[in-house]
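Before any comments, here is the structure.
The values are calculated or read from the model by the stated rules, or taken from the named source; none is laboratory data. Everything quoted here is computed from the prediction, not taken from an experiment. All Cβ positions, glycine included, derive from the backbone under ideal geometry; neighbour counts span all protein chains shown.
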Amino acid sequence: MMDSSGRTAVPSIKRLDEAVVNRIAAGEVIQRPASALKELLENSLDAGATSISVVVKEGGLKLIQISDNGHGISYEDLPILCERHTTSKINSYEDLQTITTLGFRGEALASMTFVAHLTVITMTEGQIHGYRVSYKDGAMEGEPRPCAAIKGTQIMVENLFYNVIARKKAFKNPSEEYSRILDVISRYAIQKIGVSFSCKKHGDSRTDIHTDSTSSRTDAIRAVYGPGVARELVSVTASDDDPSHSIFKMDGYISSANYSAKKTTMVLFINDRLVECSSLKKAIEVVYAAILPKASKPFLYISIAMPPEHVDINIHPTKREVSFLNQESLIDSIQKAIEAKLMQSNTTRTFYTQTLLSRSLGVPDEAEESMPVQTQGGRNLKAPVNKLVRTDPSNPAGRMLAFMQKSLAGHVGSGNGLVDTKPVEMPMEDTRKIMDLTKNEEFAAEVQEDQTGAHLQNNKVHKIAQMDASSLAGREALEHNISQANEDSRNELTTTRRLVRQRRNLKERAELTSIQELLATIDQETHSGLEDIVKHCTFIGMADERLCFVQHKTYLYLLDIVKLRCELLDFGCP
Ligand code: ADP
Ligand code: MG
């Protein structure tokens, strides 16, 4: 900037108006509706609440209302409640070293009053009524008015950023802001399992988050993040108490290799404080990258406790980030613990195939029946047997035998050249003809009774009756053939089974020495390995009409079923 004489003008320094200072500072703490909610939630937890409910309007921009059953705020403190740097949580800087509360800066409520309208209703234990008071720019608007209340505090933040137009415009999508609010509550809900949380949109009767105060950690994860995550959780712990490395204790729940999501959810608490740590997140993602399909991400809940003096919680106005001693060594230990846990749990991995060709190839119905599958979480999942690649070889449903008997039955029926054993559908037309027949018979009788009736007509009716009767007879014959075929195939099956059984137990019924010798030779020459494979293999699926995949131990085999059947049953082999 130049003055009239052409020299550069030196700008003079002015003291900013306090309201301006406060509004600028407020922008640091309250960046968006979800950061206001986080501060309010932490205040309720600091007040010892065991029940916290939240109501939100327009993604929090119109209203955030939070009600808790904590210790409340005493009447005397109400005038300075929303002044900047007023707090009940620390007295001196040194207190920060041993702090156990979530808040300590005395800035949150004050900040909110500079960018929104704030109303408080509160009642402490033993009072006969509560107080209601509103705040603007850090100060009370009028005197607190007595009102009906229950023990605890309710805070309403309305019209957030009403005086920060540029900020308000940045939030175009209220539903995105609402999901950020839900995200904060979800994280606290799984950390603070002694506290019940609920959150809903204003005017809705349905809650979007609801947890009970008695929920276990996994129950809380299930309630908040869904059964899909909860089913695949593996608990993990790690610790170190060597001062030359790091001193910490970690416990958490991580998703197994069976779970994958589009992005990583890492719920991280350090000394009960919700924080973010991108280096830890990256280190864990590296471990998962080795076992998860490409672009799949895990769910992680990690809670770390360490001596308060090792953590600096005061490096960010929103307290979102913390720094702590021996970060590298701690991350390294956690990474190793997670890696080891995943390697262990990897053995119980379940695979699902896509729909196999089996349907078109006529794999028997038994294979379609759902078998309960034991998952790691102990939950029974219904999964069709033919969709499992690996099944338990001791489980008969997964064995070749179940499939072979049925295919054998099919062959017996059609092999006789009778009728296919599939149910035969009667064409619509035939059924109609049969129904017509009864009508025609009555009609014919009527005509015969009527002596004046035309012979021609009678004849015609008779013809129709004959024709329909033949179709009826045809149907009966067909039905008879079908049932005969079914009966035959059943008989054939029984015979075959008996034969097979006899063949299997030849030793018992071999009376002739020649047969005994033959059996002894077979016993000697049988390939024991092959026998074991056939006896204990697990059916996987059909490769084509003749070849099928089976698994024996860790090997995959391709079996020619027709040849195998010939070998085993000596049954009309080509
Ligand atoms: P901080 O939490 O850092 O102390 P805040 O501005 O968030 O600062 O809150 C100021 C004070 O108001 C707190 O120290 C606490 O004493 C009181 N307070 C705020 N919210 C609640 C609440 N829900 N229940 C009881 N007291 C509360
Ligand atoms: Mg606070």
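Here are a few things to note about the model shown:
- Scan the range 252-283 for residues that are closer than 23 Å to Thr98 by Cβ and among the β-branched types (Val, Ile, Thr) and the total you get is 2.
- Hey, Asp241 of a type outside the set (Gly, Ala, Ser), at pLDDT below 90 and assigned to a strand (DSSP E or B) or not: yes
- Single unsatisfied condition, Thr101 versus (1) buried (at least 18 other Cβ atoms within 10 Å of the Cβ); (2) β-branched (Val, Ile, Thr); (3) within 12 Å of ligand 1 (Cβ to nearest atom): (1)
- Here is the figure for the range 304-317: residues that are part of a strand (DSSP E or B) and surrounded by 19 or more Cβ atoms within 10 Å (Cβ to Cβ) total 2.
- Under the condition of being more than 14 Å from Val286 (Cα to Cα) and in contact (Cβ under 8 Å) with a residue 60 or more places away in the chain, the residues counted in the range 255-268 number 3.
- Looking only at the range 496-547, and only at residues there that are assigned to a helix (DSSP H, G or I) and β-branched (Val, Ile, Thr), the one that is modelled with the highest pLDDT: Ile533
- Condition check for Ile64: over 40 Å from the mean Cα position of the chain (by Cα) and either in contact (Cβ under 8 Å) with a residue 12 or more places away in the chain or within 16 Å of ligand 2 (Cβ to nearest atom) (or both): no
- Residue match in the range 117-137 (condition: part of a helix (DSSP H, G or I), within 13 Å of ligand 1 (Cβ to nearest atom) and buried (at least 16 other Cβ atoms within 10 Å of the Cβ)): no
- Subset of the range 318-345 (residues that are surrounded by fewer than 19 Cβ atoms within 10 Å (Cβ to Cβ) and assigned to a strand (DSSP E or B)): Glu321, Ser323
- Which numbered condition Met112 misses (of (1) of a type outside the set (Val, Ile, Thr); (2) more than 22 Å from Asp312 (Cβ to Cβ); (3) more than 12 Å from ligand 1 (Cβ to nearest atom)): (3)
- Restricting the range 29-53 to residues that are within 26 Å of Glu125 (Cα to Cα) and among the β-branched types (Val, Ile, Thr) leaves a set whose member that is nearest to ligand 2 (Cβ to nearest atom) is Ile52.
- Residues (surrounded by 15 or more Cβ atoms within 10 Å (Cβ to Cβ) and in a loop (DSSP other than H, G, I, E, B)) located in the range 273-302: Cys277, Ile291, Leu292, Ser296, Pro298
- Members of the range 48-76 that are out of contact with any strand residue (DSSP E or B) (no Cβ under 7 Å at 6 or more places or on another chain) and within 7 Å of ligand 1 (Cβ to nearest atom): His71
- Test: residue in the range 157-171 that is over 17 Å from Ile30 (Cα atoms), touching a residue at least 60 places away in the same chain (Cβ under 8 Å) and either among the hydroxyl-bearing types (Ser, Thr, Tyr) or out of contact with any Asp or Glu (no Cβ under 8 Å at 6 or more places or on another chain) (or both): no
- Candidates Ala47, Ala19, Ala25, filtered to the one that is in contact (Cβ under 8 Å) with a residue 40 or more places away in the chain, surrounded by 17 or more Cβ atoms within 10 Å (Cβ to Cβ) and among the hydrophobic types (A, V, I, L, M, F, W, C): Ala47
- Within the range 81-99, residues that are on the phi > 0 side of the Ramachandran plot have Cβ atoms under 9 Å from residues that are near ligand 1 (Cβ under 8 Å from one of its atoms) in these pairs: His85/Arg105; His85/Gly106; His85/Glu107; His85/Ala110, counting only partners at least 6 apart in sequence or on another chain.
- Residues being within 33 Å of the chain's Cα centre (by Cα) and within 14 Å of ligand 2 (Cβ to nearest atom) - total across the range 67-98: 1
- Residues in the range 38-96 that are among the polar types (S, T, N, Q) and assigned to a helix (DSSP H, G or I): Asn43, Ser44.
- Scanning the range 142-177 for residues that are closer than 20 Å to Ile80 by Cβ, exposed (fewer than 15 other Cβ atoms within 10 Å of the Cβ) and either at pLDDT below 95 or within 16 Å of ligand 2 (Cβ to nearest atom) (or both) yields a count of 1.
- Whichever residue in the range 531-574 is more than 27 Å from Thr495 (Cα to Cα) and out of contact with any strand residue (DSSP E or B) (no Cβ under 9 Å at 6 or more places or on another chain) and, among such residues, is surrounded by the fewest Cβ atoms within 10 Å (Cβ to Cβ): Thr554
- Val56 meets the conditions (1) farther than 22 Å from Ala149 by Cα; (2) away from ligand 2 (no atom under 16 Å from the Cβ); (3) at pLDDT 95 or above in every case but one. The failed one is (1).
- Filter result (of a type in the set (A, V, I, L, M, F, W, C) and free of Cβ contacts under 8 Å to residues at least 60 places away in the same chain) within the range 215-242: Ala220, Ala223, Val224
- Selection count where residues are part of a strand (DSSP E or B), under 18 Å from the mean Cα position of the chain (by Cα) and not hydroxyl-bearing (Ser, Thr, Tyr), scope the range 203-238: 4
- Of everything in the range 99-110 that is assigned to a helix (DSSP H, G or I) and within 39 Å of the chain's Cα centre (by Cα), the residue that is farthest from ligand 2 (Cβ to nearest atom) is Leu109.
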